[in-house]
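Working notes for the structure below.
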Amino acid sequence: MTGTVTSAPRAARREDLETARALVRAAGLPLAGLDEHFAGFWILDAPGGGLAGLAGAERHGDAWLLRSLVVQPEFQGRGHGRALLEAVLTEASRAGAREVFLLTTDAQPYFAAHGFEALPRTSAPAALRTSAELGGACPDSATLMRLEVSA
């Protein structure tokens with residue numbers, strides 16, 4: 001495999017689910033809620049098969065929760081994470097989302113560089129508190145971040 005992916009992110013398909021679970025698990029991210037929200041995921045195919053990366057979103061009313069932004073190590077540093085993030089944000093905006101939130105334990109600088117701001121976890125909208133990630137799948141030490149999007 002090379003570190004170059006030539007295709008754009010695409011909507012996830014049911015047949016991607018097992019490989020996506022393995023990628024999320026290998027990245028040390030929570031699997032809770034993945035299956036039920038998999039229709040909101042974007043996939044980046046690796047040359048020769050498999051997944052180079054993925055990112056997903058859970059829709060909770062006007063607020064969306066970005067989750068599981070993962071790029072395989074051999075594909076990192078080439079803008080693939082940004083392409084996946086942009087795919088999710090474009091879909092959120094198209095669907096009328098006003099805000100996109102996320103939880104992170106180690107990628108706060110990355111997301112801040114893309115316009116997300118850190119907030120106290122207590123400021124999460126009530127609808128997001130029902131998500132698996134805010135409900136305990138992510139550790140209490142994870143930082144809540146928010147980006148306003150326009151429709």
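Only loop residues by DSSP count here, and only those with at most 12 other Cβ atoms within 10 Å; note down the GluC sites (Glu not before Pro) in segment 1-71 that meet that.
In loop regions of segment 1-71 (DSSP not H, G, I, E or B), the sparsely surrounded GluC sites (Glu not before Pro) are 36.
Using θ = phi - 60° and the Karplus relation 6.51 cos²θ - 1.76 cosθ + 1.60, list the HN-Hα couplings for segment 76-86 in order, rounded to whole Hz, with x at every Gly or Pro.
6, x, 10, x, 5, x, 4, 4, 5, 4, 4
So how strong a dipole does the chain carry about its Cα centre when Lys and Arg Cβ are +1 and Asp and Glu Cβ are -1, to the nearest 20 debye?
Approximately 100 debye in magnitude.
In the set (i) 36, 16, 14; (ii) 35, 27, 13; (iii) 24, 16, 15, which value of semi-axes √(5λ) of the Cα gyration tensor in Å was calculated from the structure you see?
Comparing each candidate, only (iii) matches the computed number.
Share of the chain's accessible area from carbon and sulfur, percent, 1.4 Å?
Carbon and sulfur together cover 51 percent of it.
Over the heavy atoms of residue 82, what accessible area does a 1.4 Å probe trace out, to the nearest 10 Å²?
Per-residue accessible area (residue 82): approximately 120 Å².
Could you give the length gained by full extension between residue 98 and residue 112, i.e. 0.36 nm per residue of separation minus their alpha carbon distance, to one decimal place?
Between residue 98 and residue 112, full extension yields an extra 3.3 nm.
With an 8 Å cut-off on Cα pairs and a minimum separation of 6 or more residues, tell me the relative contact order of the chain in percent.
Relative contact order of the chain: 23 percent.
Say a paramagnetic label sat at a point 7 Å from the Cα of residue 25, along Cα to Cβ; which residues of segment 68-94 have their backbone N under 19 Å from it?
Only 68-73 fall inside the zone, counting backbone N under 19 Å.
Between residue 76 and residue 129, take the C-beta separation as r, use R0 = 25 Å, and let me know the FRET efficiency to the nearest 0.05.
0.20
Using the heavy atoms of the protein chains and a 1.4 angstrom probe, tell me the accessible area per residue for the chain in square angstrom.
Computed with neighbouring chains in place, this is 49 Å² per residue.
The values are calculated or read from the model by the stated rules, or taken from the named source; none is laboratory data. Values in this document were obtained by computation on a predicted structure and should not be read as measured data. Ideal geometry is used to build each Cβ from the backbone, glycine not excepted, and the neighbour counts take in all protein chains shown. We work out accessible area using only protein heavy atoms, side chains counted, and drop any ligands, DNA or RNA first. Shrake-Rupley method; radii C 1.70, N 1.55, O 1.52, S 1.80 Å.
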